[in-house]
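Data block below; observations after.
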Amino acid sequence: MRRVLGGCALSGAMLLSADVAVAQVPGDSLVLEGDFIRTGVSNNGTLGVGGSTSPGFIFDSTGTRTFNSSNDYLTPGIPYEGFSVRYTGSGGVISNNNNGNTAGIGPATAPVVVSSGVSGFDNSVSWAGSISGVLNMTHVYGLNNDGRRVEITTTISALTDLNGLRYARWINPDSGGSSSINTRGNSALGLAANDWVNSESETNGATLGLFSNSAVAHNTAIVAFPWSTDPDVYVAGSADTVGDHSIGLAFDIGTLLNGQSIELIYWYAVAASVDDFDFGNGFLAKAKTFNQFAVANFLDGQGSHPDLDFQDVLTELRSLDDPELLAALDSISGSVYGTLPAANFQHTSYYLSQIASRLRNKMVPYGSPLYGDFAANTSASQSRAAETTSSEVALVSYAAGEGSSAADEGAAGCSSCDCLPCCGCSQWSGWITGYGLGGDAQSDGNADGFRYGLGGTQFGLEKQVSDCTTLGLWGNMAWSNVRGDVLDENADIENYHFGAHFTSLDGEAYWIAIAGAGYDHYDVRRHTNVLAPVTAEGTMNGWQANAYVERGLTFCHNGWNVQPYAALQYIYLRQNDLVETGAGVLNLDVEDVDAHSMRGILGGRFSKTVCTNGGRMLTPEFRAAWMHEFLDTNQVVNSGLAGIGGAGFAVRGVDLGRDWATVGTGFNLHLNSSTRLFAGYDLQFNSNQTFHVGSGGVEFVW
């Protein structure tokens, strides 16, 4: 498998879903080891353990994994590494460090391993902590086997409104002795003083640096003893020094409102000397987003590649101004391949809800006490109930009064709840629906947003197999297009899915179960303009499997049929790997993707049956639901340039968020005892996306 030079910032909920827990002993660290670096992540979320315990942070300049304590920045003695926050009302600095095992941001929890397929790194560890009622914090540490940098992605999520929020990362490094030459910025590497600070050992020259070029306001500083943990000190900056001093990097976040999150990306880098750091072509120092960091990191490591076309690309990229370079990095990334699972999840989630809505429409019990005994006491209802028991040619959800005179209908009160039984009859019914979906999803600040258009056909066949129990089959065929908002890239998707469903009604309570699987096909086109306009084209196949379970109630209230319900939905999606053609050296070699979605749904449906002037039954309905995603909200995709080979990069698709609201309306029109028309409109939305869905179809009973 290709090694990737990128990372993945995950929220706490994502970590719980994707990580593999590792048994921890309090005070121990979970080791990250590559060819040049060996370090540990402590229970406090810091690097190293401190004191005389190894590993702290060890650098082997030979790249042969010859690690020894003489090259350990954090052992022996009392060097320390940690992080801290302060905010208005905090009463001072709140910090964690590896020496003394203090944990102001807790409770202290054992770090966990993050799989390479999720993190995009050969070695990755995550940690999560919190300040109760104030904020949650996660760190994701990434180290590639051949890397000389540990990437750290810190996510801070506010649990209340925070003002004056600042975050700092700091270290007092010792390597071959405590005295160091400490400097900020490096003109030879093109690194600004607010982005870069390093500590060079006077004994052996080994150098450790902290680097970030985040769009969040930040600064670096060097602090003499007593070493500071205060973010304000590091935000203020400092002069260069020589001595046993701490170095640090701080972010001036400012206001973070309740429910908001911010992602900070920065690195610890090591080298044999202060002039030995390899930032290649300097692209990394200009990147601003997660995907840009990943691609820039890859390109910076390929400066000596012999391919002449690729060298022409690097020359062109070096000539671009900063906005043009960032746009080029985005176009090279191929983030659309990470966005496609998100778009597919939305479509599958919709059509499962559509099947459930069709089945929910039939969950209408007979003779419930909540109906005021109307169904049991009216002659029309009793006659109709007897008819449905003896005949197999009847519409399951046909309302009271069908087949009687207008006077009878008035007496029966046909505008009250649709209270005829679904039980006690054996019938076949079939339905077909056409639907269209359109909408857009905004950029999450990293991957490009997209516009979405879809047309689909769905059909089903079902039969009542016993009292109040039905079994059925369903199919779905759809054709959609995903088009980038800013980047000139798009994908055509075909879906062919099939499955089965089950319903069971027990008085006022019911069950719905749906399961299915099917084939997906993708044709992707990405347009780039680095050297000249070219189009990279890729074709790939894939498949999906899904399951849906719903538990609900159905009862009448003031003439309305009311159906509250709760549901759980799972979708597995597979995108096969592909190699693009048409773009020469910029063709991507994209690895396969396995994506998972688990959503909880709480909702309700409200309907009422009335008589038209022509004597037909019309049932308008209104529906609303809240949906929450428990697993990953964006997808990491590992890619590389097909003609270059070697290490690649990991990028993320657009993040659509974790919670959505859906609202909709529709109607059912009973033309006769065996035919029903239906139509509807649904809106799914949150702060990141808005999807509109229109549908219409027909149902037959025989």
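Values for this structure:
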{"read-out": "Separation of the HIS596 and ALA215 label points, Cα + 7 Å toward Cβ, nm", "value": "3.2"}
{"read-out": "Size of the range 189-229 as Cα extents on the principal axes (Å, biggest first)", "value": "35, 28, 11"}
{"read-out": "The range 143-282: translational diffusion in µm²/s, Stokes-Einstein, Kirkwood Rh over Cα pairs, 37 °C, 0.692 mPa s", "value": "211"}
{"read-out": "Additional length obtainable on full extension of the chain from LEU553 to SER319, 0.36 nm per residue less Cα span", "value": "77.7 nm"}
{"read-out": "Whole-percent carbon and sulfur share, accessible surface of the range 134-199, 1.4 Å", "value": "44"}
{"read-out": "5 angstrom amide H check on THR433, placed H, neighbours 5+ away", "value": "GLN458, PHE459"}
{"read-out": "Spacing of the two label points (7 Å from each Cα toward its C-beta) at ASP312 and ALA532, in nm", "value": "0.7"}
{"read-out": "Paramagnetic reach from ARG574 (point 7 Å along Cα→Cβ, amide N under 13 Å) across the range 464-498", "value": "none"}
{"read-out": "Kirkwood-based Rg to Rh ratio, the range 462-514, C-alpha trace", "value": "1.32"}
{"read-out": "By average C-beta atoms within 10 angstrom, highest first, the peptides 132-141, 563-572", "value": "132-141, 563-572"}
{"read-out": "Extension reserve of the ALA517-HIS628 stretch, reckoned as 0.36 nm per residue once the Cα distance is removed", "value": "37.7 nm"}
{"read-out": "1.4 Å probe accessible area per residue over the range 547-702, in Å²", "value": "37"}
{"read-out": "Sum of side-chain charges, VAL637 neighbourhood, beta-carbon under 9 Å (Lys, Arg +1; Asp, Glu -1)", "value": "0"}
{"read-out": "Estimated FRET transfer efficiency when R0 is 51 angstrom, pair ALA188-ALA661 (beta carbons, to 0.05)", "value": "0.45"}
{"read-out": "Peptides 329-341, 685-697 ordered by average Cβ neighbours within 10 Å, highest first", "value": "329-341, 685-697"}
{"read-out": "For the range 196-262, alpha-carbon Rg relative to the globular expectation (2.2 N^0.38 Å, N residues)", "value": "1.29"}
{"read-out": "Under-5 Å amide H pairs with ASP161, H placed in peptide plane, nonlocal only", "value": "ASN258"}
{"read-out": "Gyration tensor verdict on the range 586-671 (Cα atoms; rounded if a/c is under 1.5, prolate if a/b is larger than b/c, oblate otherwise)", "value": "prolate"}
{"read-out": "Burial ranking of peptide ranges 347-356, 444-453, 223-232 (average Cβ count within 10 Å, highest at the top)", "value": "347-356, 444-453, 223-232"}
{"read-out": "With DNA, RNA and ligands ignored, accessible area of ARG623 (1.4 Å probe; Å², nearest 10)", "value": "50"}
{"read-out": "Cα centroid separation, the range 488-542 to the range 202-279 (Å)", "value": "44"}
{"read-out": "Cα-based Rg of the range 250-335 normalised by 2.2 N^0.38 Å, two decimals", "value": "1.31"}
{"read-out": "Accessible surface, the range 154-266, averaged per residue in Å² (probe 1.4 Å)", "value": "33"}
{"read-out": "Stretchable slack from ALA272 to SER466, in nm (0.36 nm times residue separation minus alpha-carbon distance)", "value": "62.1 nm"}
{"read-out": "Cα extents of the range 546-692 along the three principal axes, largest first (Å)", "value": "72, 30, 27"}
{"read-out": "Share of carbon and sulfur in the accessible heavy-atom surface of the range 605-660 [1.4 Å probe, %]", "value": "58"}
{"read-out": "Long-range amide H partners of ASP122 with built H, under 5 Å", "value": "VAL4, LEU143, ASN144, ASN145"}
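The values are calculated or read from the model by the stated rules, or taken from the named source; none is laboratory data. All of these numbers come straight from a predicted model, not from anything done at the bench. Ideal geometry is used to build each Cβ from the backbone, glycine not excepted, and the neighbour counts take in all protein chains shown. Ligands, DNA and RNA are excluded from the accessible area calculation, which covers all protein heavy atoms including side chains. Shrake-Rupley method; radii C 1.70, N 1.55, O 1.52, S 1.80 Å.
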